Amino acid sequence: MLNFTASTQSSTQIKSDALIVRIFEGEKILEPKIKELDKKLNGEISELLKSGDFEGKLKDVVTIYSHKRIEAKRIILIGLGKKKDFSMERSRETISHIIPLIKKFKAKSAAILLTKIQPKNAGVQTAIQAIVEALFLSSYTFLEYKNLKENRMSLEAIHFVLNTATDRTKALRGAKTGYIIASAVNFSRDLANKPGNHMTPQALADAAMQMAKENKIKCKVLEKPEIKKLGMGAFLGVNKGSPLDPKFIVLEYFGKKTGQPTVLVGKGITFDTGGISIKPSRKMEEMKFDMCGAANVLGIMKAVSELKLPYKLIGLIPATENMPSGEAIKPGDIVKAMNGKTIQVTNTDAEGRLILADALSYAARYKPKAVIDYATLTGAVIAALGTDYTAALTNDEKLFSKLEKASKESGEKIWRLPLAESYREKIKSPIADIDNIGTQEGAGTITAGLILQEFVSYPWIHLDIAGTAWTTTPKPGKPIGATGEGIRLTLEFLK
Ligand code: BES
Ligand code: ZN
Ligand code: ZN
């Protein structure tokens, strides 16, 4: 854990490698704490503002060297944009703009001067939680396979300069929560960023075991014979082409004794070649990310346990590769899922719905009050919503409105797509109960959702994260690679 401290001390007296000062655009009168600082700096801040060299605009960042006028080595001014537009998401975004500087300066300690204005509706605790989350989410880099570990986050200690002494406990609680959440997201990113030759079904199971052991979570890994015994024919069908055995990972966290659990299901395809319906080579390497749903489930469970939240939470992960081989499942083959329904596998690249069919059937044994599944399920979701929105499909209105609220709070965007009644006909197969791609023109994400629904017997939300689970261009708080999108959304939802 990082060293977090908080006080109402004068910011001029706090020793640190960087004092971070956040200023709104067009602010005429400086807040008392900033005014005091400005005085010690011979009016440098007000001069920057007066000259227009620093306007407090959203992406404005300026460094001032203190030359021993104050205890901090340097001051980083960040623009917060207009006061009326300030939000939690903006607050997080502004922090992401200073990460390159923090890294460049190799700053070990930072002090952050809090403004009097919190984002709308937020208390000090939430505001600080958001700042800490942003610091550690935007500074993330995946260095495991690099010999030169440059560009690493350097911060070891963070001090919050508060306006009111009574805010201290709240500030530290917010910092701790933020740090736990960011660490869980980064843990999930680490798993998902590993390539297919390292992140195998066995490696995923080992990572789950290890995480569970460190966090008082029960974990068992069902091996191929048990998977067979359970009748998970769809999951096994997908595994047929792979030389690596499938793993069905079950995690159980009992933060309270009674009541129905929430079950989280994550797609764990450790590499998706498409199988016999093989994918084109272009961008196929990105299919190492086809286990991002699984990584999300592990990240969520880790955070929930570290935050000691009073929930009953189950995590289910079917893990396998999707490979072509002489033994692989073929187009037209028919498999039988755990709930007894038969599926004609017209396209072996539509494998996610097959492994989820069995995982969702298995979830029923918990009599869950809600099930959420996370899956990089369809390329079609990118055509529909692009790369900033996760698609949500659900059979429960109340669940959806809760999730929508959580989405606003967390800044992780979702958009609902319908489980269209009129398309349900189209997933029927002439010779099996269901066809794994159906005949509906377009609407690939909805078709996949309708197929999953055939295996669901409880309140349920399906999240198609194919567009959001990883990024090929850096976004605020999301460096290139796996994003862990869905974790903060779910933590907010559970809360
Ligand atoms: N893992 C892919 C979905 C995917 C594709 C995610 C591209 C992110 C980027 C999934 O298993 C898949 O291949 N789906 C097919 C379904 C189709 C055959 C009905 C797809 O989306 O093309
Ligand atoms: Zn596929
Ligand atoms: Zn896939």
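The values are calculated or read from the model by the stated rules, or taken from the named source; none is laboratory data. Since the model is a prediction, treat every value here as computed from it, not as a measurement. Here the Cβ positions follow ideal geometry from the backbone for every residue, glycine too, while neighbour counts run over all protein chains shown.
Cβ-Cβ distances below 6 Å connect the following pairs, each with a first residue in region 405-418 that is under 19 Å from I446 (Cβ atoms), a second residue that is assigned to a helix (DSSP H, G or I) and among the β-branched types (V, I, T), and a separation of six or more residues or different chains: L417/T445; L417/I446.
Report yes if some residue within region 34-57 is among the β-branched types (V, I, T) and within 21 Å of D167 (Cα to Cα); otherwise report no. Yes, region 34-57 has at least one match. Checked against (1) within 16 Å of ligand 1 (Cβ to nearest atom); (2) in a strand (DSSP E or B); (3) within 19 Å of C219 (Cα to Cα), D358 meets all criteria but (2).
Conditions tested, residue by residue: (1) in a loop (DSSP other than H, G, I, E, B); (2) modelled with pLDDT of 95 or more; (3) within 26 Å of A350 (Cβ to Cβ); (4) of a type outside the set (S, T, N, Q).
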{"site": "S154", "(1), (2), (3), (4)": "yes, no, no, no"}
{"site": "I158", "(1), (2), (3), (4)": "no, yes, no, yes"}
{"site": "A205", "(1), (2), (3), (4)": "no, yes, yes, yes"}
{"site": "A208", "(1), (2), (3), (4)": "no, yes, yes, yes"}
{"site": "K220", "(1), (2), (3), (4)": "no, yes, no, yes"}
{"site": "E226", "(1), (2), (3), (4)": "no, yes, yes, yes"}
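Taking into account only those residues within region 170-203 that are assigned to a helix (DSSP H, G or I) and either polar (S, T, N, Q) or over 28 Å from V132 (Cα atoms) (or both), which is farthest from the chain's Cα centre (by Cα)? Of everything passing the filter in region 170-203, Q202 is farthest from the chain's Cα centre (by Cα).
The set of residues in region 244-288 that are in contact with a helix residue (DSSP H, G or I) (Cβ under 6 Å, 6 or more places away or on another chain), away from ligand 2 (no atom under 12 Å from the Cβ) and not in a loop (DSSP other than H, G, I, E, B) comprises K247, F248, I249, L251, Y253, V263, L264, V265, G266, G268, T270. What residue, among those in region 300-334 that are of a type in the set (G, A, S) and outside any strand (DSSP E or B), is surrounded by the most Cβ atoms within 10 Å (Cβ to Cβ)? Result: A303. Applying the set (1) touching an Asp or Glu at 6+ places or on another chain (Cβ under 6 Å); (2) closer than 21 Å to R189 by Cβ; (3) more than 14 Å from ligand 2 (Cβ to nearest atom) to I314 leaves exactly one unmet item: (2). Cβ-Cβ distances below 7 Å connect the following pairs, each with a first residue in region 381-401 that is under 16 Å from T490 (Cα atoms), a second residue that is of a type in the set (G, A, S) and in a strand (DSSP E or B), and a separation of six or more residues or different chains: L399/A370; F400/A392.
Each row is one residue, and each column tells you yes or no for (1) surrounded by 18 or more Cβ atoms within 10 Å (Cβ to Cβ); (2) β-branched (V, I, T).
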residue: I76; (1), (2): yes, yes
residue: R92; (1), (2): yes, no
residue: A107; (1), (2): yes, no
residue: T115; (1), (2): yes, yes
residue: G123; (1), (2): no, no
residue: A134; (1), (2): yes, no
residue: Y145; (1), (2): no, no
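Scanning region 257-279 for residues that are closer than 22 Å to I461 by Cβ and surrounded by fewer than 17 Cβ atoms within 10 Å (Cβ to Cβ) returns G259, Q260. The residue that is farthest from the chain's Cα centre (by Cα), counting only those in region 255-283 that are under 17 Å from W470 (Cβ atoms) and within 11 Å of ligand 3 (Cβ to nearest atom), is K279. Pairing each residue of region 350-366 that is charged (D, E, K, R) with any residue that is away from ligand 3 (no atom under 16 Å from the Cβ), provided the two are 6+ apart or on different chains, yields C-beta distances under 7 Å for D358/M232; D358/A337; D358/M338.
Among the residues of region 84-132, the ones that are basic (K, R) and within 21 Å of A6 (Cα to Cα) come to 3 in all. Within region 310-328, how many residues are of a type in the set (A, V, I, L, M) and over 27 Å from E492 (Cβ atoms)? Here the count works out to 2. Filtered by the rule that a residue be among the hydrophobic types (A, V, I, L, M, F, W, C) and more than 16 Å from ligand 3 (Cβ to nearest atom), region 384-404 gives A384, L385, A392, L393, L399, F400, L403.
Checking each residue in region 250-287 for being more than 21 Å from E492 (Cα to Cα), within 16 Å of ligand 1 (Cβ to nearest atom) and hydrophobic (A, V, I, L, M, F, W, C) picks out I269, F271, I276, I278, M284, M287. Every condition in (1) outside any helix (DSSP H, G or I); (2) within 16 Å of ligand 3 (Cβ to nearest atom) holds for V371 except the one numbered (2).
Whether a residue is at pLDDT 95 or above, away from ligand 2 (no atom under 16 Å from the Cβ) and at positive phi was assessed, and K308 passes this test. Looking only at residues of region 364-378 that are within 16 Å of ligand 2 (Cβ to nearest atom) and of a type in the set (V, I, T), we find that the one that is farthest from A122 (Cα to Cα) is T378.
In region 456-478, the residues that are farther than 16 Å from A294 by Cα reach residues that are part of a loop (DSSP other than H, G, I, E, B) and charged (D, E, K, R) with C-beta atoms within less than 6 angstrom, at least six apart or across chains, in these pairs: P459/D396.
Out of the residues in region 323-360 meeting the condition of being over 25 Å from the mean Cα position of the chain (by Cα) and among the small types (G, A, S), tell me which one is nearest to ligand 3 (Cβ to nearest atom). Here the answer is A328.
Would you pick out the residues in region 341-355 that are surrounded by fewer than 24 Cβ atoms within 10 Å (Cβ to Cβ) and either more than 12 Å from ligand 2 (Cβ to nearest atom) or in a strand (DSSP E or B) (or both)? Once the filter is applied, which keeps residues that are surrounded by fewer than 24 Cβ atoms within 10 Å (Cβ to Cβ) and either more than 12 Å from ligand 2 (Cβ to nearest atom) or in a strand (DSSP E or B) (or both), region 341-355 yields K341, T342, Q344, T346.
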